[in-house]
Amino acid sequence: MKYLDEFSDPVLAKRLFDDIRALTTKPWSLMEVCGGQTHSIIRHGIDQLLPDEIRLIHGPGCPVCVTPLEIIDKALEIASRPDVIFCSFGDMLRVPGSGRDLFQVKSEGADVRVVYSPLDALRIAQENPEKEVVFFGIGFETTAPPNAMTVYQAKKLSIPNFSLLVSHVRVPPAIDAIMNSPDCQVQAFLAAGHVCTVMGTGEYPALAAEHEVPIVVTGFEPLDILEGIRRAVRQLEAGEHTVENAYPRAVNEQGSPAAQKMLADVFEVTDRSWRGIGMIPQSGWRLSSKYREYDAEHRFSVTGIETEESTVCRSGEVLQGLIKPHECAAFGKECTPRNPLGATMVSSEGACAAYYLYRRLEAPKKEAPAGEAPRKEARKREARKREAPKREAPVANAPAREASSVG
């Protein structure tokens, strides 16, 4: 089990923690972009074992979480139609729309199916020519190529009853938007390794230079994340802001040219709304004019959708890294995985789901590493001795109790 054992080695992890402590002299705030990284951080308690000066901010990198409410409501509208077979990955079925979710639509009689690949939906379309088959295509650059390939195949095989409801988003414009926010507290990024496996690292140097922020491409196992943090802290302490690849076993500078070619053929870049964040220019994809006939929004003319977010859910602030999940009053009370108010509690990559699963129900109290607390206390005592004014010796006839209390 190479990548489970070798990249979870506690001895190597301790060395990396020691290196990070030795490097750190100032407070720094780092954002991990991907929700998969967030789950790994919370599961292994990495954030609690880092030096007090290092703060991890959870980014918006959960594709389920950032799918805009408007698209969810459009999916519900399309799935409710009697002539439609609506196909989706399972993690989208419980994402709440304005008033219900896909599970509820299915319970009302709609033909909603969980599939494991968009090609499964294409096969269903071939087997059911009398039905319109729609696949819910969401995600970052990682999941976009297989969805693009499916549309390409539908056109090539002349399958007219297949369409794609598109909600794909792109990471670099989101990083740019985060850094341009007046509330931004991020000083370095741990970029998502799987995104860079597809797209390479070519879009990041300009961002690092413009915003003077280190960007370290990072994997998902504990040692991957710690190495990413170590490199980011080293840059911050040195006043550097470059792009580093800490995930070379999967990522190279060019990415996957074949996947990028497919994306360029099937999709075109567009402005995209992110749930809880708002419109980010040039941050998404839509089907190009060449494949517009396979666009479910275009085919079903889904318009006039009025959305209504929960008034108590603060998932938007969680997605922007402004608060931690346990700072929301509804977290773990009105909002649970069984009864989620926002997408961050539904998704397997959502920050709220991670905090609930690993019982981070309130702000953690950091404990000093073994041996560190006594050293800190000793340093404090020495400092008090140096700063204390010199006192005269007690008078000879002073009570013994009073004399023993001096110092």
Inset, instruction - Quickly run through the stretch 131-158 and pick out the residues that are open to solvent by 10 Å² or more (accessible area, probe 1.4 Å) and either assigned to a helix (DSSP H, G or I) or without any contact (Cβ under 8 Å) to a residue 40 or more places away in the chain (or both). - result: PRO145, PRO146, MET149, TYR152, GLN153, LYS155, LYS156, LEU157, SER158
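Please go through the stretch 220-249 and give me each residue that is of a type outside the set (Val, Ile, Thr) and open to solvent by less than 40 Å² (accessible area, probe 1.4 Å), ordered by number.
PRO222, LEU223, ASP224, LEU226, GLU227, GLY228, ALA232, GLN235, LEU236, GLU244, ALA246, TYR247
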Legend entry - Looking only at the stretch 251-279, and only at residues there that are at pLDDT 95 or above and among the aliphatic types (A, V, I, L, M), the one that is nearest to VAL216 (Cα to Cα): VAL251
Legend entry - Within the stretch 4-45, considering residues that are of a type in the set (D, E, K, R) and part of a loop (DSSP other than H, G, I, E, B), the one most open to solvent (accessible area, probe 1.4 Å): LYS26
Inset, instruction - Consider only pairs whose beta carbons are under 9 Å apart and that are at least six residues apart or on different chains; among these, list those whose first residue lies in the stretch 350-372 and is of a type in the set (Asp, Glu) and whose second residue is exposed (fewer than 12 other Cβ atoms within 10 Å of the Cβ) and modelled with pLDDT under 55. - result: GLU367/ALA373
Legend entry - Failed criterion for PRO60 (all others in (1) open to solvent by 10 Å² or more (accessible area, probe 1.4 Å); (2) in contact with a helix residue (DSSP H, G or I) (Cβ under 6 Å, 6 or more places away or on another chain) hold): (1)
Inset, instruction - Working only within the stretch 149-173, note down all residues that are out of contact with any strand residue (DSSP E or B) (no Cβ under 6 Å at 6 or more places or on another chain) and of a type in the set (Gly, Ala, Ser). - result: SER158
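At pLDDT 90 or above and closer than 27 Å to ILE175 by Cβ, is that true of GLU327?
Details: at pLDDT 90 or above: yes; closer than 27 Å to ILE175 by Cβ: yes.
Yes: the conditions hold for GLU327.
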Inset, instruction - Considering each of LEU287, LEU207, LEU226, LEU236 in turn, give the residue that is aliphatic (A, V, I, L, M) and closer than 14 Å to HIS168 by Cα. - result: LEU287
Inset, instruction - Would you point out the residue of the stretch 307-324, among those that are more than 24 Å from GLY90 (Cβ to Cβ) and more than 18 Å from the chain's Cα centre (by Cα), that is modelled with the lowest pLDDT? - result: GLU308
Inset, instruction - Look at the stretch 332-365 and say how many of its residues are open to solvent by less than 60 Å² (accessible area, probe 1.4 Å) and of a type in the set (Lys, Arg). - result: 1
Inset, instruction - Could you give me the residue pairs with C-beta distances under 8 Å whose first residue belongs to the stretch 95-110 and is touching a residue at least 24 places away in the same chain (Cβ under 8 Å) and farther than 21 Å from SER348 by Cβ, whose second residue is of a type in the set (D, E, K, R) and open to solvent by 80 Å² or more (accessible area, probe 1.4 Å) wherever it lies, and which are 6+ apart or on separate chains? - result: SER98/GLU306; SER98/GLU308; SER98/GLU309; GLY99/GLU308
Inset, instruction - Please find, among VAL64, VAL95, the residue that is part of a loop (DSSP other than H, G, I, E, B) and of a type in the set (A, V, I, L, M, F, W, C). - result: VAL95
Legend entry - Residue that is surrounded by the fewest Cβ atoms within 10 Å (Cβ to Cβ) [pool: residues in the stretch 80-101 that are touching a Lys or Arg at 6+ places or on another chain (Cβ under 8 Å) and modelled with pLDDT of 95 or more]: ASP83
Legend entry - Sole exception among (1) more than 19 Å from SER310 (Cα to Cα); (2) open to solvent by 10 Å² or more (accessible area, probe 1.4 Å); (3) in a helix (DSSP H, G or I); (4) not basic (Lys, Arg) for ASP73, by number: (1)
Inset, instruction - Could you tell me whether the stretch 178-190 includes any residue that is of a type outside the set (Lys, Arg), more than 15 Å from GLN254 (Cα to Cα), in a helix (DSSP H, G or I) and under 15 Å from the mean Cα position of the chain (by Cα)? - result: yes
Inset, instruction - Check whether at least one residue in the stretch 282-292 is in contact with a Ser or Thr (Cβ under 8 Å, 6 or more places away or on another chain), on the phi > 0 side of the Ramachandran plot, touching a residue at least 60 places away in the same chain (Cβ under 8 Å) and open to solvent by 80 Å² or more (accessible area, probe 1.4 Å), and report yes or no. - result: yes
Legend entry - Qualifying positions in the stretch 194-252 - touching a Ser or Thr at 6+ places or on another chain (Cβ under 6 Å), β-branched (Val, Ile, Thr) and part of a loop (DSSP other than H, G, I, E, B): VAL251
Legend entry - Unique residue being within 27 Å of ARG21 (Cβ to Cβ) and touching a His at 6+ places or on another chain (Cβ under 6 Å) when the list is GLU244, GLU212: GLU212
Inset, instruction - Output the residues belonging to the stretch 277-321 that are assigned to a loop (DSSP other than H, G, I, E, B), over 27 Å from SER163 (Cα atoms) and not basic (Lys, Arg). - result: ILE277, GLU309, SER310, THR311, VAL312, CYS313, GLN320, GLY321
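The values are calculated or read from the model by the stated rules, or taken from the named source; none is laboratory data. If you're wondering where the values come from, they're calculated on a predicted model, not measured in any experiment. Quick reminder, even Gly has a Cβ in these numbers, built from the backbone with ideal geometry, and neighbours come from all protein chains shown. Accessible surface is based on the protein model in full, side chains and every heavy atom, while ligands, DNA and RNA are left aside. Shrake-Rupley method; radii C 1.70, N 1.55, O 1.52, S 1.80 Å.
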